[in-house]
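Below is one structure, written out as structure tokens; the observations come after it.
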């Protein structure tokens, strides 16, 4: 299975694996799974890092390095993702989540999330 991890799932996997559901943990660690992360997730982490929120300790460059080191594959953003983004219904206003959904649709990946709003979109989304 080809899985695109939502940003919070990436961070939980790296920093707080106990927050992952058993199903999510199993999917990520299944040797048959191909795990992908979006360049957009790194942007989102970098923005939160730049805002200096006291409850946010992740560093974009460290997260990206760890993902690549663990053989997660990066999905860059392209114009087809933008077109798919524009065609999505406005269920959720968060642009990062909407880009992830568009990427999953265009790239034939299953988006793994725990976000109820994201899971309402049509397409290859699995709420775990």
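Results, tabulated for the structure shown:
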| item | result |
| --- | --- |
| Flag for residue 53 being out of contact with any helix residue (DSSP H, G or I) (no Cβ under 8 Å at 6 or more places or on another chain) and surrounded by 14 or more Cβ atoms within 10 Å (Cβ to Cβ) | no |
| Single condition residue 45 does not satisfy, out of (1) modelled with pLDDT under 95; (2) surrounded by 15 or more Cβ atoms within 10 Å (Cβ to Cβ); (3) touching a helix residue (DSSP H, G or I) at 6+ places or on another chain (Cβ under 7 Å) | (1) |
| Test: residue 125 is more than 19 Å from residue 13 (Cα to Cα) and touching a helix residue (DSSP H, G or I) at 6+ places or on another chain (Cβ under 9 Å) | no |
| Residues satisfying the stated conditions in region 17-41, i.e. outside any helix (DSSP H, G or I) and over 28 Å from residue 82 (Cβ atoms) | 20, 21, 30, 31, 32 |
| Single unsatisfied condition, residue 121 versus (1) in contact (Cβ under 8 Å) with a residue 12 or more places away in the chain; (2) closer than 18 Å to residue 36 by Cα | (2) |
| Top-ranked residue in region 23-38 [being touching a strand residue (DSSP E or B) at 6+ places or on another chain (Cβ under 8 Å) and surrounded by 15 or more Cβ atoms within 10 Å (Cβ to Cβ); ranked as nearest to residue 97 (Cα to Cα)] | 38 |
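The values are calculated or read from the model by the stated rules, or taken from the named source; none is laboratory data. Since we're looking at a predicted model, the values are computed, not measured. We place every Cβ from the backbone using ideal geometry, glycine too, and count neighbours over all the protein chains shown.
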